[in-house]
1. Which of the GluC sites (Glu not before Pro) found in the stretch 16-52 are in a DSSP loop and have at most 14 neighbouring Cβ atoms, other than their own, within 10 Å?
2. For the stretch 110-148, state which trypsin sites (Lys or Arg not before Pro) are in a DSSP loop and have at most 11 other beta carbons lying within 10 Å of their beta carbon.
3. I'd like the trypsin sites (Lys or Arg not before Pro) in the stretch 17-53 restricted to DSSP loop residues with at most 10 other Cβ atoms within 10 Å, sorted by number.
4. Just tell me which aspartates and glutamates come within less than 19 Å, Cα to Cα, of Lys24; anything on the same chain fewer than 8 places away is out.
5. May I ask you to list the aspartates and glutamates whose Cα is less than 16 Å away from that of Lys40, ignoring any residue fewer than eight positions away on the same chain?
6. Return the calculated 222 nm mean residue ellipticity for the chain, to the nearest 500 deg cm²/dmol, obtained by summing -39500 (n - 2.57) across DSSP H runs with n ≥ 4 and dividing by the residue count.
7. Report the far tail of the P(r) of the stretch 3-162, meaning the percent of Cα-Cα pairs longer than 18 Å.
8. Please figure out what share of the DSSP beta bridges in the chain is antiparallel and state it in percent, rounded to the nearest 5.
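Values in this text are rule-based calculations from the coordinates and carry no lab data. Just so you know, these numbers come straight off a predicted model, no measurement behind them. Cβ sites come from the backbone with ideal geometry, for glycine too, and all protein chains shown count toward neighbours.
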Amino acid sequence: MAALDQGSVVKVRAALTAAGVKDKVVELAATARSAEDAAKALKTELGSIVKSMVFKIGDRPVMALVAGDHKVNPDQLPRALFLKGDVKLLNADEVRAATGFAIGGVAPVGLPAKIQTVLDVSLKRFPTVYAAAGHPHCVFPTNVEELKKLTGCIVSYAIAEKA
């Protein structure tokens, strides 16, 4: 079965279509499991890769969409999302439970429930960014404005810094 036909990718494609966005999911020959792998496979700058990182603030899962060449500053997440509580990076099982996706393919869309999301403003450097599409070999091209529309995210200057 092709990766584009996998259940998790089908969820992403359906979410894009339902939001009125053209289904642009592409299957890569090489893995896009990490930001570095994705940038290499797409022959693009590392910063144009959107890392979808899942945390808990208190007992609420949240997602941070961060440029591939940046790292999350977890201490800034509660303030950016107007939440209170301790911040914890989720492990693989917790990520799958919160998002329905395995690490390496966590998409910002097609989630089983809405997750409060914050986006690293540095992604605005690129006219096109690439987000995971539910499988380690699948991504979709988008831009910051479209990601805001798709996720309802908050854009923050404080959640990430150059790696």
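1. Listed in order of number, the matching sites are Glu45.
2. Those that pass, being in a loop and sparsely packed, are Lys114.
3. Here the trypsin sites (Lys or Arg not before Pro) that fit, given the DSSP loop and packing criteria, are Lys22, Lys43.
4. By straight Cα distance, Lys24 reaches Asp5, Glu145, Glu146.
5. Cross-link targets: Glu27, Asp69.
6. Working: 5 runs with 41 residues, N = 163.
It lands at -7000 deg cm²/dmol.
7. Here the long-distance tail beyond 18 Å is 54 percent of all Cα pairs in the stretch 3-162.
8. Around 70 percent of the beta bridges assigned by DSSP in the chain are antiparallel ones.
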